[in-house]
Every structure is written in structure tokens, then in C-alpha cells.
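A quick write-up on the structure given underneath.
The values are calculated or read from the model by the stated rules, or taken from the named source; none is laboratory data. Bear in mind the structure is a predicted one, so any value in this text is a computation, not a measurement. Counting neighbours? That spans all protein chains shown, and the Cβs are built from the backbone with ideal geometry, glycine included. The protein model used for the area step is the full one, side chains on, heavy atoms only, and it has no ligands, DNA or RNA in it. Shrake-Rupley method; radii C 1.70, N 1.55, O 1.52, S 1.80 Å.
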Amino acid sequence: VNADFKRFIWHLWNGVGSDIEPIPQARLENADRQDVVDRMVQKYSTNAGTVAVQVLLNINQNDLAKKLDLKLQEAGSGR
């Protein structure tokens, strides 16, 4: 789990995708899970969930990405 979390953070500061601006490494160093979520919301606002899905796909956590994507869709539809 910790290795996956480190890979998740690595993708956030090295770039998730060409259209997603990275979070500076200094803002993520020594950050715990809650800090990372806070920084993602600060940086990506309402798109933080979508960015998280993309990072999960990048680190081959496809099942988690699918579950999160479904939850985001449910939340967006007002359920």
C-alpha cells in the first residue's frame, strides 16, 4: 500500500497527463494521505476526483479507478 501511495504521489508531481498540470514536489514531500487530498483539491478543484482516477489508471490500480469513477458519476447525478 505504501509503495502504491508513493507511486501515486510521484505521478502527481511528475505529471498525470499532458493536460493536467503537476503539483510541485515540495508540496507533496512528507505529505500524508489527507494532505495529498487537500493539495489535490486546492490544485484541481472540482476535477480532483477525475485526476485521482487518471493517476490510479497510471499506476495500474484499474479496479480502484473504476470504483472511484462510478462513485464520482453517482455523486454527479445527485444520487
Checklist entry - Which condition number in (1) open to solvent by less than 30 Å² (accessible area, probe 1.4 Å); (2) under 11 Å from the mean Cα position of the chain (by Cα); (3) of a type outside the set (S, T, N, Q) is the one that Leu28 fails? => result (2)
Checklist outcome for this item: Reported set for segment 34-49 where residues are in contact with a helix residue (DSSP H, G or I) (Cβ under 7 Å, 6 or more places away or on another chain) and either open to solvent by 70 Å² or more (accessible area, probe 1.4 Å) or aliphatic (A, V, I, L, M) (or both) is Val36, Met40, Val41, Ala48
Next on the checklist: So for segment 16-26 (the condition being touching a His at 6+ places or on another chain (Cβ under 7 Å) and part of a helix (DSSP H, G or I)), does at least one residue qualify?
Outcome noted: no
Item to check | Subset of segment 26-38 [free of Cβ contacts under 8 Å to residues at least 12 places away in the same chain and of a type outside the set (Gly, Ala, Ser)] | outcome: Glu29, Asn30, Asp32, Gln34, Asp35, Val37, Asp38
Checklist outcome for this item: Among Ile20, Ile59, Ile9, the single one that is of a type outside the set (Lys, Arg) and in contact with a Lys or Arg (Cβ under 6 Å, 6 or more places away or on another chain) is Ile59
Item to check | Among the residues listed as Ile59, Ile23, the single one being without any contact (Cβ under 8 Å) to a residue 24 or more places away in the chain and open to solvent by less than 30 Å² (accessible area, probe 1.4 Å) | outcome: Ile23
